[in-house]
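The values are calculated or read from the model by the stated rules, or taken from the named source; none is laboratory data. A quick note: this is a predicted structure, and the numbers were derived from the prediction, not measured. Every residue, glycine as well, gets a Cβ built from its backbone with ideal geometry; the counts of neighbours run over all protein chains shown.
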């Protein structure tokens, strides 16, 4: 079964600083990969998903970007963080060709001050 | 537009009793439904799912019921245990779609 790694686990960054969150997946090939954000008291908001290397779909206009340089690596970035970027960021994967279960990583808690 | 809705954001239940979580959806193209459980500061874990060709799926203490005509599903946990205290998310997907639509979650507190 797949294992999803995310780092760092927690991050405190000043407004205007850059961001790079990394997600790597083990135990599966050619997965669909997803970035979600859970803001305080809110549900899970899909930010980006990718069906393959270099293929990124953005769900909502925002201050963030995503890249998939390798099959099992998904990166979430920002050039300049905003206060509203604070939240809990989750990476998820789904093995292609299967039914809808997505499996989530442990998450990164980002606080922008 | 929220395609998956979970009302009654919090639920308190006595240990040993039944917990019932409800979920409504608006998109008639949804054909696969899932429940996830989430502890604070952790990623959600997959709990149970149901395809639209079924109206019930059971796995141990967890049962999901689907009413397609009402566009409604529910999760029953019986008996509830203190370790079940968590946020539960309902999610749905449509055939051929890579994405899941999530509800906002229900906080469940099981009182020992």
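Tabulated data for the structure shown
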read-out: Within segment A:95-109, considering residues that are more than 7 Å from every other protein chain (Cβ to nearest Cβ) and modelled with pLDDT under 95, the one surrounded by the most Cβ atoms within 10 Å (Cβ to Cβ); value: A:95
read-out: Among (1) modelled with pLDDT under 95; (2) in contact with a strand residue (DSSP E or B) (Cβ under 9 Å, 6 or more places away or on another chain), the one test that residue A:61 misses; value: (2)
read-out: Hey, residue B:83 loosely packed, with under 14 Cβ neighbours inside 10 Å, free of Cβ contacts under 8 Å to residues at least 40 places away in the same chain and not in a loop (DSSP other than H, G, I, E, B) or not; value: yes
read-out: Every residue from segment B:35-74 that is assigned to a loop (DSSP other than H, G, I, E, B), farther than 12 Å from residue B:91 by Cα and within 13 Å of chain A (Cβ to nearest Cβ); value: B:39, B:40, B:41, B:42, B:43, B:52, B:53, B:54
